[in-house]
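Worksheet: the structure to be examined is printed underneath.
The values are calculated or read from the model by the stated rules, or taken from the named source; none is laboratory data. Quantities reported herein were computed from a predicted structural model and do not represent experimental measurements. Cβ sites come from the backbone with ideal geometry, for glycine too, and all protein chains shown count toward neighbours. All accessible areas refer to the heavy atoms of the entire protein, side chains included, with ligands and DNA or RNA removed. Shrake-Rupley method; radii C 1.70, N 1.55, O 1.52, S 1.80 Å.
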Amino acid sequence: MSRGHALVTGAIGGLGTDITKRLIAAGIPVIGSDRRGADIGPWIDAELDDEQKAMFTGYQLDVTDEEQIEALAAKLSGDGIHIAYLINNAGIQGHGKPWELDSKTWHRVLRVNLDGTFYMTRAFSEAMVKKKFGRIVNFASLFAFHPGLGQSPYAAAKAGITGYTRSIASDLAEFGVTVNVLAPGLIWHERLRGVLPDEEFQKMRDPIPMGRTGEPSEISGVVAFFCSDDASYITGETLHVNGGLYLSA
């Protein structure tokens, strides 16, 4: 049984779509946020059926904007909506050779991935503490442990998330709030199809011991597990969901 709403960042498209649907299927109403506010309405019409629509509310939100986040937290609280499950899914990549990487790319990648996770957690964790219950699920990456070439900002941000997760898991454990992190590998979804050339895709897929890419459902299922009572005694954990690539990288 749901003990409140879930808030999923980066909810529109990619992994966010599957995470949102999986949580709704588990009986958890979802607040979905995305910086692409104009896309939320069309996404709802295309992706959600009538029952799902009744359990979903979308908001435009830039996770790098502290004022926007605090305003959303205040609005939801004022509307009597308690965020019991926080899914920090929003993220971007950026790459460059160490001697060519520009500061704008470096800071943007860290702000969206690492700072965004911090800002969202700061805004919504206190209410969880007061309720003596909460589930926070963060997103790292295989690249936090075995980075690809030219991925220093993304690797740094995702490695930072793993350390941040362990630290706040210690801070929040006594209050019944768990904090865990996923480290996905190559998960095939529609956002990748438009940006990843076939040759690059093959190069990334070939080393995976299981011989295939992951499915979004294999990520959303883990998110739902971390939000469930079955995971009530797990906190500070990094779970690798990458077909064994972590073992062979």
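As a test of reading the structure, rank SER220, SER103, SER152 by solvent-accessible area (1.4 Å probe, protein chains only), most first.
Putting SER220, SER103, SER152 in descending order of accessible area: SER103, SER152, SER220.
Each residue, GLN52 and ARG122, gets one label point 7 Å from its Cα in the Cβ direction; the gap between the two is 3.4 nm.
Strictly over 23 Å apart at the Cα level, which of LYS53/LYS75; LYS53/LYS131; LYS104/LYS158; LYS21/LYS203; LYS75/LYS158 would you flag in this model?
Working: LYS53/LYS75 20 Å; LYS53/LYS131 27 Å; LYS104/LYS158 18 Å; LYS21/LYS203 31 Å; LYS75/LYS158 30 Å.
Over 23 Å Cα-Cα: LYS53/LYS131; LYS21/LYS203; LYS75/LYS158.
At the residue level, ASP230 shows approximately 130 square angstrom of accessible surface with a 1.4 angstrom probe and all protein chains present. How would you classify the stretch 41-96 from its alpha-carbon gyration tensor, with a ≥ b ≥ c the square roots of the eigenvalues: rounded for a/c under 1.5, else prolate if a/b is greater than b/c, otherwise oblate? Judged from the Cα gyration tensor, the stretch 41-96 comes out oblate (a/c at least 1.5, b/c at or above a/b). Residue ranking by accessible heavy-atom surface, 1.4 Å probe, largest first, among ILE234, ILE208 comes out as ILE234, ILE208. The residues of the chain have, on average, 49 Å² of accessible surface per residue, using a 1.4 Å probe with all protein chains present. Shown for the chain: the carbon plus sulfur share of the solvent-accessible area, taken with all protein chains present and a 1.4 angstrom probe, equals 52%.
Across HIS107, HIS5, HIS95, the residue with the most accessible area heads the list, and the full order at a 1.4 Å probe is HIS95, HIS107, HIS5.
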